[in-house]
Ligand SMILES: Cc1ncc(COP(=O)(O)O)c(C=O)c1O
């Protein structure tokens with residue numbers, strides 16, 4: 001890894017880490033090439049495992065190296081790899097580190113795609129998965145078996161916005177010799193650095209806050225060098241490589257992460273505060289609220305919060321759908337973390353394939369809405385929400 005700027009403050013690393021000023025270019029140029037000339041240096045890199053040598057763009061490219069380095073330095077991690085999507089990062093990581101007969105612990109209250117992989121696909125390869133409660137480290141402890149290898153959590157869960165006690169989870173993993181993996185997408189490295197709390201691997205959907213503009217699909221894994229090398233060796237087989245053009249856009253987005261996040265999080269906290277007293281709202285989930293069951297843990301683990309919030313509209317899914325249809329600024333679409341505000345009902349989108357009873361148990365009850373708060377003017381956003389909630393009222 002290029003250590004240049006690794007000792008600098010977050011904002012400087014966000015702008016400069018991983019950027020390769022080739023031929024005097026101020027930003028890393030796009031290397032739109034499938035393959036690279038085999039020089040002595042590249043043959044040597046190949047013999048050394050090929051991980052950080054641009055040889056063939058499915059393995060590693062100048063652009064994918066740049067974004068992986070940037071995230072590794074933002075997270076304070078030893079090493080990193082970029083992938084074609086967040087799900088490519090998650091599936092490659094789990095399929096690299098787990099084998100037939102192994103067991104992992106996760107939670108049903110995680111991103112629906114990750115949940116699907118864990119309950120439908122991993123068992124087909126003889127890998128056992130137990131679902132526990134991310135809010136309750138004791139439930140993870142109770143699920144540990146002799147063959148348990150991985151403890152998997154999300155810093156802030158999708159879509160119920162629960163905050164996980166990463167410190168307690170990392171201690172549990174260490175005590176039991178488990179690999180601790182966290183999806184840090186909702187908190188971002190600006191909000192939380194799980195390496196400092198004892199986590200081995202950090203996963204991100206780069207599609208979200210890191211890219212920041214809803215215009216690319218990307219994934220990354222950073223963390224312990226030995227584990228990242230193992231994941232790289234299987235990425236070569238599974239093929240979920242990050243293409244150079246996407247990496248260029250992702251690097252551009254990551255350079256402004258620290259400029260965007262304070263607006264996302266402040267807007268979300270203000271909207272959560274106002275929603276709490278709205279007559280059409282049954283419940284609001286945001287860790288900035290003193291009333292949140294996660295408030296104390298959030299102050300310790302991710303005090304800067306998140307731009308994500310969720311809430312329950314009175315009147316069930318019918319009212320929630322009517323609410324969304326009456327929004328003028330906030331855009332009805334799945335995904336999150338872009339500069340524009342997005343809204344969805346998880347029951348018919350991101351978590352559609354999670355069985356209804358599992359959804360309800362996790363807190364995705366009728367009327368549940370997930371919102372990604374953008375960086376628009378907060379009064380404009382609030383007026384849009386207030387007007388649409390009034391329109392959703394059925395007397
Ligand atoms: C928390 C979280 N992790 C992972 C993913 C998967 O990322 P991608 O859509 O880039 O594959 C998502 C997607 O919504 C997500 O919200």
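If the condition is being away from the ligand (no atom under 16 Å from the Cβ) and over 27 Å from residue 8 (Cβ atoms), then region 65-103 contributes 96, 97, 98, 99, 100, 101, 102, 103.
Figure legend. Inter-residue proximity from region 80-96: first residues within 10 Å of residue 232 (Cβ to Cβ) and in contact (Cβ under 8 Å) with a residue 12 or more places away in the chain, second residues assigned to a loop (DSSP other than H, G, I, E, B) and within 12 Å of the ligand (Cβ to nearest atom), beta-carbon distance below 6 Å, spacing 6+ or different chains. Indicated pairs: 92/240. Filtered by the rule that a residue be outside any strand (DSSP E or B) and within 11 Å of the ligand (Cβ to nearest atom), region 215-228 gives 216, 217, 218.
When residues in region 136-155 are screened for being in a loop (DSSP other than H, G, I, E, B) and loosely packed, with under 14 Cβ neighbours inside 10 Å, 3 of them pass. With respect to residue 304, is the statement that it is modelled with pLDDT of 95 or more, touching a helix residue (DSSP H, G or I) at 6+ places or on another chain (Cβ under 6 Å) and either over 28 Å from residue 184 (Cβ atoms) or part of a loop (DSSP other than H, G, I, E, B) (or both) true? So residue 304 fits the description; yes.
When restricted to residues that are crowded, with 21+ Cβ neighbours inside 10 Å and touching a strand residue (DSSP E or B) at 6+ places or on another chain (Cβ under 6 Å), region 281-300 contains 6. Taking the conditions (1) within 16 Å of the ligand (Cβ to nearest atom); (2) assigned to a strand (DSSP E or B) in turn, residue 180 satisfies each one other than (1). Of the helices (runs of 4 or more DSSP H) lying entirely inside region 307-395, the ones with 1 or more residues being within 16 Å of residue 110 (Cα to Cα) and touching a helix residue (DSSP H, G or I) at 6+ places or on another chain (Cβ under 9 Å) are found at 356-362.
The values are calculated or read from the model by the stated rules, or taken from the named source; none is laboratory data. Small disclaimer: the values here were computed from a predicted structure and weren't measured. Heads up, the Cβs are rebuilt from the backbone with ideal geometry, glycines too, and the neighbour counts pull from every protein chain shown.
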